[in-house]
Amino acid sequence: MHLYKLLAYIFYLLDPFSFLVLTEDVGKVILHFPDADDKKCLEIPKMPPMPDRQGFISVSDPDGTLLDALYYHKEMHNLFISNPEGISLERISPDVASGDPDNWESASSSSGYGTPTKVNSQFLGSGSAPAHISVSPEIVSPDGDGIDDILNIQMVLQTPGYSANLFIFNIRGVLIQALTENRLLGTDENISWDGTMDAGDIAPPGHYILLLEMVHPKGYREKYKKNFVIAGKQ
């Protein structure tokens, strides 16, 4: 079904490099994604059918000239996703053809499995920054004074589709907090820890180890360890 047939009587000025969500119900979009901008949602009478298993969608101009087209199927989702219901399939790079199945990935867990009106969680541009993982600060003091209370873990990835396990161990190797388990990452992730252990108490002063394990459906595995310190007031 061509969208121009559905939008024949709707005029909307879309700025270059901006985003627009087409939907039959803007309220449902905001309900599921509260951070979405309703001003960037256009309500139309009817959307073309898009079954989860597979489908085809195309966009043409009013003269019938094909602008873009995609044949999709559920196998394009991340292999770690057992049920893709409600999970957006995101285009990774606008510089790669829509029809390339490797240019699509499931939306990340942290995004709520979708980013309507915003940049895709799995977006990679031609000028993307080199991959890096950073942890700061090296000395954390979760005492509520507003200074270095939170441990911040930033991950900028060049390959979408990784799932991550992120654990905190004390110096004796005892697991005190599992921050994430089998979390589908986006290409730009920020995870924070407030010093709370699994039991709910604040971790005592001492040396700790952060362990990040990342696994990709294509068999890539990455492991990252970082030592840090929790300090207490004198």
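The values are calculated or read from the model by the stated rules, or taken from the named source; none is laboratory data. Remember, it's a predicted structure, so these values are computed and weren't measured experimentally. Here the Cβ positions follow ideal geometry from the backbone for every residue, glycine too, while neighbour counts run over all protein chains shown.
A few remarks follow.
- Verdict on Ser163 being free of Cβ contacts under 8 Å to residues at least 24 places away in the same chain, surrounded by 11 or more Cβ atoms within 10 Å (Cβ to Cβ) and not aromatic (Phe, Trp, Tyr): no
- Subset of segment 78-90 (residues that are within 12 Å of Gln122 (Cα to Cα) and over 12 Å from the mean Cα position of the chain (by Cα)): Asn78
- Selection from segment 154-173 of residues that are of a type in the set (Val, Ile, Thr) and at pLDDT 95 or above: Ile168
- Residue among Pro49, Pro34, Pro16, Pro45 that is exposed (fewer than 10 other Cβ atoms within 10 Å of the Cβ) and either modelled with pLDDT of 90 or more or in a strand (DSSP E or B) (or both): Pro34
- For segment 188-204, a residue qualifies if it is loosely packed, with under 14 Cβ neighbours inside 10 Å and either within 24 Å of the chain's Cα centre (by Cα) or not hydrophobic (A, V, I, L, M, F, W, C) (or both), and the qualifying residues are Asn190, Ser192, Asp194, Asp198, Gly200, Asp201, Pro204.
- Check on Lys233, in a strand (DSSP E or B), modelled with pLDDT under 95 and either farther than 22 Å from Ser88 by Cα or of a type in the set (Val, Ile, Thr) (or both): no
- Single residue of segment 136-157 satisfying the filter (within 18 Å of Leu211 (Cβ to Cβ) and part of a strand (DSSP E or B)) that is nearest to the chain's Cα centre (by Cα): Met155
- For segment 197-226, taking the residues that are free of Cβ contacts under 8 Å to residues at least 40 places away in the same chain and outside any loop (DSSP other than H, G, I, E, B), the one that is nearest to Leu184 (Cα to Cα) is identified as Arg221.
- Filter pass, Asn170 being farther than 27 Å from Val156 by Cβ, outside the structural domain of Asp102 (by TED's automatic domain parsing) and among the polar types (S, T, N, Q): yes
- Residue count, segment 115-126 (criterion: surrounded by fewer than 21 Cβ atoms within 10 Å (Cβ to Cβ), in contact with a Phe, Trp or Tyr (Cβ under 9 Å, 6 or more places away or on another chain) and within 15 Å of Pro160 (Cβ to Cβ)): 1
- Of all the numbered requirements in (1) buried (at least 19 other Cβ atoms within 10 Å of the Cβ); (2) at pLDDT below 95; (3) closer than 27 Å to His73 by Cβ, Ser108 misses one, and that requirement is (2).
- Pairs where the first residue, in segment 61-75, is assigned to a loop (DSSP other than H, G, I, E, B) and the second is aromatic (Phe, Trp, Tyr), C-beta under 7 Å, 6+ apart: Asp61/Tyr4; Pro62/Tyr4
- Any hit, segment 60-71, residues being over 15 Å from the mean Cα position of the chain (by Cα), surrounded by 15 or more Cβ atoms within 10 Å (Cβ to Cβ) and modelled with pLDDT under 90: yes
- Number of the condition not met by Leu157 [criteria: (1) among the hydrophobic types (A, V, I, L, M, F, W, C); (2) surrounded by fewer than 13 Cβ atoms within 10 Å (Cβ to Cβ); (3) not assigned by TED's automatic domain parsing to the domain that holds Ile57]: (2)
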